[in-house]
Structures are given as C-alpha cells and as structure tokens.
Amino acid sequence: MFNEQKDNDQYAALLAEAGRFHGDICAGIEIGTRMTMCGLRKLGITDPKGADRKKLMVFVEIDRCATDAIMALTGCRPGKRTMKVFDYGKMAATFVNLESKKAVRVALKQKKEAGEKSRDNQSLADLSEEELFSVAEVEVPLRPEDMPGKPLRRCRCARCGENIMDGREFAHQGETLCKPCFERKNYYHVTA
C-alpha cells in the first residue's frame, strides 16, 4: 500500500480516502496524507489496517485536519489506544512500529525551510518529502499501561471519587488523585 517513492496514483487514492473520512480535502488533509505515507514507509508498515494493524501506534501533536488523515489511513484511533493525541499545536506525528520498536517523528517544515515554493493546495503535492518534512528517528518509551487492550488496573480518586485507569493516578500526601485533582485545575468549571 505504501510504496518506496511517492506514486501520484497512490497519493491521489489515499488523499481521496482521507478526504472522505474528513468531509473534504484541505491543506491539512494533504499534509496528513503525505505525513502518513512518509512515516509508514520509514517503518516498513505496508498494510496498517490489515496485516500490520497490531504493529502500529501513532502519536499526533495537533487536533486539526492532519490528524483525521492519519486516522483514516492508518486505522489508528484513540478509542483503540493506538493513537495518542497530544495537542501541542504542532503539525507533527510520531509513527511507532510496536514489533520492531522503531519510531519516526515526521514534522512539517516552516515555509522558509521548505524553499520558496508556496504551500497552497496545488503545490503541496509537488513538494518532495525532504522539502516538506523533517524526519527523525526517535525513541518512545511505552509502558504496558500505554498499550492497546483492556485496562490493566483501576483505582479511585480520593477527592472527586471518579475512577482512574492505567497508571494515570498521582500519589500525593497519602492520597491517590486523578490529574485534575492533583493539579487543582480542569478544562471545565461546574456551573450547577
């Protein structure tokens, strides 16, 4: 599925698949498609939704369109614990081969690094991977609690009483706390 060189027919088919999943084809879907092609090829993953589906985990660093492309083309999803979303606001993703432990981080280069070519919808397909991305082999330490499958353990937060799964708890002054209670902050405020 993911050839050694960017094949225009392959790219067009993958772009269409990602566009259907996302609802349209935009620059983020184009970037995510190219990012996925690059990352999987560097890992030797050729069938991410079939024979290789248990070998792949992806860490994405943005909650935008590129993430939809990666999800559509790899089959990795947060609910299957094969996609981890860290919203750093960066157009980057790390692809991990769970079998070989090899990992590559693919990040979009800044326009000035990518040369003078404009990154509009017409030119994205024309840029080479080297012009478009910085690619680095990285190490991603994974714990058993990070892997796909059923929760390995559960505990209860001493303050809010909610369950915490898979080692996400904090021990503080003799209490077991969830992250929001430990940090004393949350993304929401109770109104009623």
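Read-outs: derived from the displayed coordinates by stated rules, not from any lab. Being a predicted model, the structure only gives us computed values, none of them experimental. Virtual Cβ from ideal backbone geometry, glycine too; neighbours counted across all protein chains shown.
Cα axis of helix 8-22 to longest principal axis of the chain: angle in degrees, 0 to 90, nearest 10? Once rounded, one gets 40 degrees. If you take every residue apart from residue 152 with its C-beta less than 14 Å away from the C-beta of residue 152, what net charge results, scoring Lys and Arg +1 and Asp and Glu -1? My count for the surroundings of residue 152 gives +2. Amide H contacts of residue 84: 58, 59, 60, each under 5 Å away and 5 or more positions distant or on a separate chain (H built 1.01 Å from N in the peptide plane; Pro and chain starts excluded).
Once log10 I(q)/I(0) by the Debye sum over Cα atoms at q = 0.08 Å⁻¹ is worked out from the coordinates, which option in [x] -0.32; [y] -0.26; [z] -0.22 does it equal? Recomputing log10 I(q)/I(0) by the Debye sum over Cα atoms at q = 0.08 Å⁻¹ here picks out [x].
Report, in deg cm²/dmol and to the nearest 500, the calculated mean residue ellipticity at 222 nm for the chain, where each DSSP H run with n ≥ 4 adds -39500 (n - 2.57) and the sum is divided by the residue count. Taking each H run of at least 4 residues, the total per residue is -8000 deg cm²/dmol. Residue exposure proxy: 182, 86, ordered by other Cβ atoms within 10 angstrom of their Cβ from fewest to most, comes out as 86, 182. Using C-alpha pairs below 8 Å separated by at least 6 residues, the relative contact order for the chain is 16 percent.
Backbone amide hydrogens, once placed in the peptide plane, bring residue 52 within less than 5 Å of 47, excluding anything fewer than 5 places away on its chain. When peptides 68-76, 184-192, 56-64, 124-132 are sorted by average Cβ neighbour count within 10 Å, with the highest value leading, the order is 68-76, 56-64, 124-132, 184-192. Placing dummy labels 7 Å off each Cα toward the beta-carbon, the span from residue 86 to residue 125 is 3.4 nm.
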